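Colleague: Pasting in a structure now, in structure tokens, and then I'll have a few things to ask.
The values are calculated or read from the model by the stated rules, or taken from the named source; none is laboratory data. Since the structure is predicted, the reported quantities are computational estimates derived from the model, not experimental observations. Note: ideal-geometry Cβ built from the backbone for every residue, glycine included; neighbour counts use all protein chains shown.
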Amino acid sequence: MAASACPLRVILDEKEIRQLILNMARNGLGAMQPGGTLTIGARVIKNSPVLFIKDEGTGLDDNLLSQIGTPFFT
């Protein structure tokens, strides 16, 4: 993970953000073939912090994509 030269202060629950990153990283690793790259980073876009997690998995089909955000959907 690379750090930017521009620090940004955010207020969040440390336990919850750790769990979020862990869950997203596990999901990404499970979606990739061995040897794939998982990238975790943060940047500022339009004065707002953005956390991103990118994997080299196949992605989601449109049916599954429409379910993102549904509680308890996996």
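Colleague: Looking at (1) in contact with a Leu (Cβ under 7 Å, 6 or more places away or on another chain); (2) modelled with pLDDT under 90, which is the only condition Gln67 fails?
Modeller: For Gln67, the exception is condition (1).
Colleague: May I pose another question? Which pairs have Cβ atoms under 6 Å, sit 6 or more apart or on different chains, and link a residue in the stretch 51-74 that is part of a loop (DSSP other than H, G, I, E, B) to one that is polar (S, T, N, Q)?
Modeller: Listed pairs, sorted by first residue: Glu56/Thr37; Phe73/Gln67.
Colleague: Which residues, counting only those in the stretch 43-53, are surrounded by 12 or more Cβ atoms within 10 Å (Cβ to Cβ) and either in contact with a Phe, Trp or Tyr (Cβ under 6 Å, 6 or more places away or on another chain) or under 26 Å from Gln33 (Cα atoms) (or both)?
Modeller: Answer for the stretch 43-53, where residues must be surrounded by 12 or more Cβ atoms within 10 Å (Cβ to Cβ) and either in contact with a Phe, Trp or Tyr (Cβ under 6 Å, 6 or more places away or on another chain) or under 26 Å from Gln33 (Cα atoms) (or both): Leu51, Ile53.
Colleague: I'd like to verify a number: residues in the stretch 26-42 that are surrounded by 12 or more Cβ atoms within 10 Å (Cβ to Cβ) and either within 15 Å of the chain's Cα centre (by Cα) or in contact (Cβ under 8 Å) with a residue 24 or more places away in the chain (or both), how many?
Modeller: The initial filter retains those residues of the stretch 26-42 that are surrounded by 12 or more Cβ atoms within 10 Å (Cβ to Cβ), namely 27-29, 31-32, 36, 38-42.
Subsequent filtering for residues that are either within 15 Å of the chain's Cα centre (by Cα) or in contact (Cβ under 8 Å) with a residue 24 or more places away in the chain (or both) retains 27-29, 31-32, 38-42.
Count: 10.
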